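Working notes, beginning with the structure itself.
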Amino acid sequence: MRHDSESLLETAIQSIHAAEPDATQVSASAQRVADRLGIESTRSLDFSASSAIESCADVQGLLGSYRAGTLSAARTLLIQAHLRECGECHRTYHGGLGSTGLDWSAPHASRALTWSFRLPRWAIAPALAVLALTFVLYRAFWQVPPGVRAEVVSIDGSASRISDAGDAPIAAGDTLHEGEHLRTSGGAHAVLRLSDGSTVEVNERSVLSVGARGRNMTVAVDNGAVIVQAAKRTAGHLYVKTPDCRVAVTGTVFSVNAGIKGSRVAVLEGTVHVTHGGLETLMHAGDQVSTNDNLSSEPVDRQIAWSRNLDTYLPLLAQFGTLQHRIDQIPTPPLRYTSDLLGRVPANTLLYVSIPNLGNFLSEANNIFHDQLKQSPALQQWWESGAHHNTAQLDALVNQLHQVSEYLGDEVVVAGVQQPESPRPNPGFAIVADLQRGGLGDVLRVTAPAIVVFDEASLATAPTQDRPGLFALVRQHEAVFSSSVTVLRQMNAQLNGNASSFAAGDFGQQIAAAYSRGAGIILAADLHQMLHTVSERGRDTPSTQNALQSSGMDSVRYLIAEHRERNGLPDNHVNLQFAGARQGAASWLAGPAPIGSLEFVTPNAAIAVAFLSKDPVAIADDMMKMARPSGASASSGWSEEEAKLQISVRNDLAANLGGDFLMSLDGAVLPSPAWKAVVEVRNAEQLERTLERLADAMRSQPGGNHAHDIAIHTSQSNGQTFYSIDDVASGAAMAHYTFADGYMILAPHRALLLQALQAHASGNSLARSAAFKALLPKDENANYSALVYQNIGPVLTPLLSHVSGESAQALTQLAADGRPTAICAWGKENNIEAASNSHLFGFDLLALEALVHPGNKRSGVSVRE
């Protein structure tokens, strides 16, 4: 019975299929329905293509009827909509090509566009240089060097060497290689000597390894406690790393303890830099820092009580603590709120620099160190053992500065003045200071015989023609230093004429306002007058004048830069002023507002540069104006280039961009930099279509011997569309990009795009980092127009340590001293301001002394210690 039912059902289905009406019957039926409803006859409809439109092939099959205008209104609308969305069908329709295209019924994983890219001949040499430099840097700083990493000097108790071959006991005289770990058991104690000469004491139940990259070494403490005596190095650096912090050192003694709560670092001698949680801390002898607030401080003597050298460390620790405390008590020069020198420089002063008198501070610090050295046998032993006792050159320099500073007032001013009667295009410079007492001339003749010393009478009879050398004019109440006798005479005439009109002028008033905020260091320049002076002397050309006008810099007035220290923290401010509203390129910086592109950068970024601009369309107009020759029509500009590219830079490219731009280094530098670019986009779809038209135009350009075929592929991942730009010949991806929340993100690898999207989605970004916010200036601004952030210490160290000679140690010290910094800027109608609460470039400027005087190897270190 069931079988019969199934047979009947199958027979019925076949009968229905066989009774399917043909096209004529369907048309007749439709006509009858139309007649009854009183609507237009369906005979005019196109039933020649009555099948559903399911693919690009179906669309391209109807293009002939579409051109002839015989399609129905409904199908005409469908074809028009599809041609706007599909580049392949759009090109087929306009080019009269065949019916090849994408199949909509089965979406493809990628869509390829190809064009030819011609490598300019001039770029070959720089490209080869970059490749060679990359190879050298890899060999010098990232290649794993061969050889032993550490030797076991002694072991009390038992310890093991952990490697890929398994665990094995280790004894005195054995060695550790790359990738091997040392583990001490309960009650054990070990001493290691690293290949650079440093020694590491290891406490019980500790695990560590020693690695090397180029000239740098890293002691990785997984858990436990160590005391490190870092050897002096001529190249490279020593790092000690725990799971949550990193210590950068050279020539110091310190302890590190990595436990369950976190890590604690204590300094016994010298200074170290500790980085944790995005913050960097400079520590001196006796200081300690913990990576967890729940980890309270502990007396340093208790932290190192397990050491076999406790009797040596404790007296030295006490001496360094006392020395640091005494130096901290030296008063720094107070801020200056007025200056009598401001009104006594010539009225035609173009450059004004004010610095405090630091002679007493340097001398007192040096005296304290020598006094402590005499009183402490432990300090003497450390000093002699390190061969630090050769300080004659440093003492002589400090004594000379101190002797001269005793005669000077609390301020020294460097003035750059015009010389109207001089044929030289550059202004003359003079150093001016008040005198507190007489006798400076005699001191200079004894301590600095190379300086020619004048009084007013001898200056009047001196030869008028300048000659090489340094000259000093010692007056009754002032001292003037210059390399020009002419400038000395000009300054002398001004000082004899009492107050000048400089302080009452607009430039002088700007400097007076800086004094009223408290002056540490002031640098002020009359940029407008400097440019005017160059123009008067025929140093510029019509093209230069046109460039200045187009850029808007022809209306620049003053540059006022200020630096001061408040409660031990720096306060830096720069103000670039214009005569009226900013124009041209000077107006490209927008007003302060939230910078959304920072949300795509991780807190671990080494460099981030972000800025807000005015409307990119207006910027394109400015650039076209700057690019066209003087006197050319506004329609010229980039017309030839735009014709080749078949796009309008202004309407197709700039109009689809927003005003938020960012470039960052957010990852490793070698073997390839992990750069990242973020651009605000107004219409992602239109921008992508512009890029496609640009690709078509580039493909149609004639190629050459150095042409490369490049393809853009698209792919989907978790609903996100990714684009890759590939070299067809090699198959290598040159760059990747994607769009998200109104931004276009570009990077060399898709992993960096995913990293950026994750940072944005999770909120774990640089913009929301507490460490980053702590670097921002303390002012009334809630937002800024531009921001420059750097934390390149970890990146700079391997790149700088290849420098050879006596400067290598100073440069690597600068890299080790590097601290995160942030500089913020904001645009106003008539000026651009910038501020930073960070030290200059984040570096300790005392280390620069070793570069200025490379023969004195201890100079910078002595002052710092």
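Just so you know, all these numbers are worked out from the coordinates, no wet-lab data involved. Nothing here was measured: the structure is a model prediction, and the numbers come from that model. Counting neighbours? That spans all protein chains shown, and the Cβs are built from the backbone with ideal geometry, glycine included.
The table below gives the values:
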| quantity | calculated |
| --- | --- |
| Segment SER501-PHE429, length gained on full extension (0.36 nm per residue, minus Cα span) | 24.0 nm |
| Charge dipole (debye, nearest 20) of the range 256-305; +1 at Cβ of Lys and Arg, -1 at Cβ of Asp and Glu | 160 debye |
| Dipole moment magnitude, nearest 20 debye, the range 146-328 about Cα centre, only Lys, Arg, Asp, Glu C-beta charged | 300 debye |
| Contact order normalised by residue count of the range 146-328, Cα under 8 Å, 6+ apart, percent | 13 percent |
| Whether the range 146-328 is rounded, prolate or oblate, judged on the alpha carbon gyration tensor where a/c under 1.5 counts as rounded | prolate |
| Sites ASN294 and ASN367, calculated FRET efficiency, Cβ-Cβ separation with R0 41 Å, nearest 0.05 | 0.45 |
| Nearby lysines by direct alpha-carbon distance to LYS614 (threshold 21 angstrom, same-chain neighbours under 8 apart not counted) | LYS625, LYS828 |
| Förster radius 41 Å - calculated FRET efficiency between GLU641 and ASN783, Cβ distance, rounded to 0.05 | 0.70 |
| Of GLY224, VAL153, TYR239, farthest towards positive along the dipole that unit charges on Lys, Arg, Asp, Glu beta carbons give the range 146-328 | TYR239 |
| Straight-distance crosslink candidates among lysines, where the alpha carbon sits under 17 Å from LYS232 and sequence neighbours closer than 8 are dropped | LYS857 |
